[in-house]
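The values are calculated or read from the model by the stated rules, or taken from the named source; none is laboratory data. Model, not experiment: these values are computed from the prediction. All Cβ positions, even for glycine, are placed from backbone atoms using ideal geometry, and neighbour counts span all protein chains on display.
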Amino acid sequence: MTQTEWDRDAVTEVIEQKKSMPGALLPILHGIQDRIGFIPEDAVPQIAKALNLSRAEVHGVISFYHYFRTTPPGKRTIHLCRAESCQAMNSEALEAHIKTRLGIDYHETTADGAFSLEPVYCLGNCACSPSMMIGHEVHGRVTPQSFDAIVNELREFAA
Amino acid sequence: MTTVYVPRDSSALGLGAERVAGAIQMEAAKRNLPIDLVRNGSRGLYWLEPLVEVATPAGRIAYGPVQPGDVAGLFDAGFLEGKAHPLCLGATEEIPYLKNQERLTFARVGITDPVSLDDYLAHDGYRGLRNALGLDPAAIVEEVTASGLRGRGGAAFPTGIKWRTVLNTPAEQKYIVCNADEGDSGTFSDRMIMEGDPFVLIEGMTIAGLAVGATQGYIYLRVEYPHADAALNQAIAAALEAGYLGDDILGSGRRFHLEVRLGAGAYVCGEETALMESIEGKRGMVRFKPPLPAIEGLFGQPTVVNNVISLASVPIILDKGGKYYADYGMGRSRGTLPLQLAGNVKRPGLIEKAFGMTLRELLYDYGGGSASGRPIRAVQVGGPLGSFMPESQFDTPLDYEAFSAIWAVLGHGGVVVFDDTVDMAKMARYAMEFCAIESCGKCTPCRIGSTRGVEVIDRIIDDQDRAKNLALLRDLGDTMLAGSLCALGGMTPYPVLSALNHFPEDFGEKSVAQVA
Ligand SMILES: Cc1cc2nc3c(=O)[nH]c(=O)nc-3n(C[C@H](O)[C@H](O)[C@H](O)COP(=O)(O)O)c2cc1C
Ligand code: SF4
Ligand code: FES
């Protein structure tokens, strides 16, 4: 596997800032993912050392949580809700549309690097199902048409 | 200067509230009409969001749902004076959906500016804490016990008893942990409190700290709620600044600090012991009990773990007294429950009511039936581990015991509605799949059984050896029920077997099987 370049200073900074918190590992992992978008495999030894843990322990934590990722995401991550309330409002058809439209499955990134797609189990937006979240923005009552409009707008914005 | 309210609730934002707020500001500037734009929480009438309100001498007048394109027309019609317009809904408080509720925990949500401490204080905020500061710890616990409050996170355990255990366990350090993981589908009341009235949660946790002698609190918040994260941190900073948190709460010499910790997308971390493992920086594996968290919890210390709504209900109990709260409700279910109506329903939203209303009243009087206009066929109450209920059970009163009596769960009060296009075999399969994806991996029936369960249901759907596989599915359900350490594995049979029992035709079975 080719090594992805990432900002080592940012990682060091996050670790130094948070390592003395009680239960610092999750805050550190969040901090790193917030800064550079993912948790690089070869940052694991540095995290382990700072917290006096084994690499296996750190790795075990990263892989346990769905939210943490070890590869760079696309420019924007689309979190699509797969849970019951959204299913009751046809999220399956929406999911099929989105996968075709972006040409990717869950956990994949579009060829142009614009979007990654991840499933989530409820966004607390169930009164406005079906739901998705892009970045920190929730979108409610999403239809294939409104999805296309949102994605087109974001693509233009990014260009 | 007219005050105009546009919600900052994330669901309202998801329907365009931000652009509506921007449009109102622009239009007001263009017309030289000075307005004070307040970003309130949501009233919880989500089919009307974005719901814009205007303060008039006759009270607040509601307009909704408002889209940016409606704004110029609203100004033309004189909405700043509360005048008529096709989107006008009249006085907000008179909308029947809202008027017929009993809002105790949600008293301020949608009314105040959530991050304004002044607004909180002007609406009876921190009266509970002031009372608590004048009581000794045992008396605070006594008040909560008298209220009859049972944990709103799912298991309905009496909060007063939990607190008493922590109070009576001597230790150097104790903790208050707020379970803000809200992982259940169809639930959003925790989110609405945190986004719409974060101070009430902070106040509740501070009172809990005083009650049991804990000086540090953690809010374990799911990462899917960035808006709640922002609101909580803003409110915590304001409370600290004004002396409602910190080393010397309101000059009492009592100490309480509060911090938000983010989860990372694991449903099982809503289970209280997995949650504590997660705060400690580990994988969210469920711990064996005993020891109870109240005796040996976070970092090995006595810990109160309570749900957001449980803690947010404490301030009004300390303000108005345990009896005031306990006077609402039925049987052993005292007080109010914020019900969350979601899925295929015409009027989805938040309904806080005393226990005892029937499911049917909720679905039809409040919900107005399905969104699709088709018959409601099934309702799942209590999240992904809750039973599916058929029409014949819609007259069940919303009460913990009444639900257990028919092998259903009220849980966190989330209600997801399905119309007659739902395929219940598919829903049963999904419940098993969810368990397989979210299992912490500690026990075999949950970890392996759920994967086998998906395969068995697939074979049933495919009509391979149907009778044999149906028997196998029931066996598997029994094994999971009996052999799981926590409710994730232990309750997955609820959605699966209730689907099978109440909707056998979707599994290719003709006769109605007996309830497990
Ligand atoms: C798999 C699983 C998930 C849970 N998720 C939550 C949750 O998201 N929020 C919550 O408050 N309680 C959840 N619970 C219940 C908690 O373990 C615990 O009972 C609760 O937080 C106690 O607070 P309460 O007494 O105020 O309800 C969950 C339990 C299990 C077994
Ligand atoms: S039932 Fe499942 S989630 Fe619960 S402890 Fe066992 S393996 Fe973990
Ligand atoms: S079920 Fe999709 S947002 Fe809750």
### Message
Just to verify a result, which residue in region B:385-416, among those that are away from chain A (no Cβ under 14 Å) and of a type in the set (Gly, Ala, Ser), is surrounded by the most Cβ atoms within 10 Å (Cβ to Cβ)?
### Response
B:Ala408
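The rows are residues; the columns are (1) under 16 Å from the mean Cα position of the chain (by Cα); (2) over 17 Å from A:Cys128 (Cα atoms); (3) among the β-branched types (Val, Ile, Thr); (4) within 16 Å of ligand 1 (Cβ to nearest atom).
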site	(1), (2), (3), (4)
B:Gly335	yes, yes, no, yes
B:Leu339	yes, no, no, yes
B:Gly343	yes, no, no, no
B:Ile351	yes, no, yes, no
B:Ala378	no, yes, no, no
### Summary
When region B:1-28 is checked residue by residue, the ones that are more than 17 Å from A:Val142 (Cβ to Cβ), among the aliphatic types (A, V, I, L, M) and either within 12 Å of chain A (Cβ to nearest Cβ) or in contact with a strand residue (DSSP E or B) (Cβ under 9 Å, 6 or more places away or on another chain) (or both) are B:Met1, B:Val4, B:Val6, B:Val20, B:Ala21, B:Ile24, B:Ala28
### Message
Consider region A:122-154. How many of its residues are exposed (fewer than 15 other Cβ atoms within 10 Å of the Cβ) and touching a strand residue (DSSP E or B) at 6+ places or on another chain (Cβ under 9 Å)?
### Response
2
### Output for region A:116-125, where each listed residue is within 15 Å of A:Glu92 (Cα to Cα) and within 16 Å of ligand 1 (Cβ to nearest atom)
A:Val120, A:Tyr121, A:Cys122
### Query
Just wondering, is there one or more residues in region B:278-285 that are aliphatic (A, V, I, L, M), farther than 21 Å from B:Pro198 by Cβ, within 11 Å of another protein chain (Cβ to nearest Cβ) and in a helix (DSSP H, G or I)?
no
## Note on the structure
(1) closer than 27 Å to B:Pro290 by Cβ; (2) crowded, with 24+ Cβ neighbours inside 10 Å all hold for B:Leu500 apart from (1)
### Task
Tell me, please, whether a residue that is surrounded by fewer than 19 Cβ atoms within 10 Å (Cβ to Cβ), among the β-branched types (Val, Ile, Thr) and away from ligand 3 (no atom under 11 Å from the Cβ) can be found in region A:56-76.
yes
### Query
Quick one: would you say B:Gly382 is within 28 Å of B:Glu438 (Cβ to Cβ) and either within 16 Å of ligand 1 (Cβ to nearest atom) or facing chain A (nearest Cβ under 10 Å) (or both)?
yes
### Task
Find all pairs meeting these conditions: Cβ atoms under 8 angstrom apart; at least six residues apart or on different chains; first residue within region B:446-466 and at positive phi; second residue surrounded by fewer than 24 Cβ atoms within 10 Å (Cβ to Cβ).
B:Asp463/B:Gly508; B:Asp465/B:Arg459
### Message
Among the numbered criteria (1) in contact (Cβ under 8 Å) with a residue 60 or more places away in the chain; (2) outside any helix (DSSP H, G or I); (3) charged (D, E, K, R); (4) more than 16 Å from ligand 2 (Cβ to nearest atom), which one does B:Arg261 miss?
### Response
(1)
### Task
Tell me which residues, restricted to region B:318-360, are basic (Lys, Arg), more than 12 Å from A:Ala127 (Cα to Cα) and outside any helix (DSSP H, G or I).
B:Arg332, B:Arg334, B:Lys353
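Are any residues in region B:372-402 of a type in the set (A, V, I, L, M) and assigned to a helix (DSSP H, G or I), and if so, which ones?
B:Leu385, B:Ala402
Here is a yes/no grid of residues against (1) touching a residue at least 40 places away in the same chain (Cβ under 8 Å); (2) out of contact with any helix residue (DSSP H, G or I) (no Cβ under 7 Å at 6 or more places or on another chain):
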| site | (1), (2) |
| --- | --- |
| B:Ser11 | yes, no |
| B:Gly14 | no, no |
| B:Glu18 | no, yes |
| B:Lys30 | no, yes |
| B:Trp47 | yes, yes |
| B:Pro50 | yes, no |
### Query
Only one residue in B:Gly477, B:Gly508, B:Gly483 is within 16 Å of ligand 1 (Cβ to nearest atom) and either modelled with pLDDT under 95 or not charged (D, E, K, R) (or both), so which one is that?
B:Gly483
### Task
Could you run through region B:264-278 and say how many residues are more than 13 Å from ligand 2 (Cβ to nearest atom) and among the β-branched types (Val, Ile, Thr)?
0
### Query
Which helices (runs of 4 or more DSSP H) sit wholly inside region A:35-147 and have at least 3 residues that are facing another protein chain (nearest Cβ under 9 Å) and under 28 Å from B:Pro495 (Cβ atoms)?
A:84-88
### Task
Could you list all residues from region B:278-289 that are at pLDDT 95 or above and within 15 Å of ligand 1 (Cβ to nearest atom)?
B:Ser278, B:Ile279, B:Arg283, B:Gly284, B:Met285, B:Val286, B:Arg287, B:Phe288
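Quick check: anything in region A:63-81 hydrophobic (A, V, I, L, M, F, W, C), more than 16 Å from ligand 2 (Cβ to nearest atom) and more than 22 Å from B:Gly263 (Cβ to Cβ)? Lay out the reasoning, then the answer.
Of the residues in region A:63-81, the ones hydrophobic (A, V, I, L, M, F, W, C) are A:64, A:68, A:78, A:80-81.
Subset that is more than 16 Å from ligand 2 (Cβ to nearest atom): A:68, A:78, A:80-81.
Pick out the ones that are also more than 22 Å from B:Gly263 (Cβ to Cβ) and you get none.
No.
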#### Entry: Unique match (being under 23 Å from the mean Cα position of the chain (by Cα), β-branched (Val, Ile, Thr) and within 16 Å of ligand 2 (Cβ to nearest atom)) among B:Ile437, B:Ile448
B:Ile437
#### Entry: Checklist (1) crowded, with 21+ Cβ neighbours inside 10 Å; (2) over 25 Å from A:Ser54 (Cα atoms); (3) in contact (Cβ under 8 Å) with a residue 60 or more places away in the chain; (4) not acidic (Asp, Glu) applied to B:Leu232, failing item
(3)
### Message
Here is a list: B:Arg254, B:Arg164, B:Arg191, B:Arg150. Which entry is within 14 Å of chain A (Cβ to nearest Cβ) and either under 20 Å from the mean Cα position of the chain (by Cα) or more than 13 Å from ligand 1 (Cβ to nearest atom) (or both)?
### Response
B:Arg191
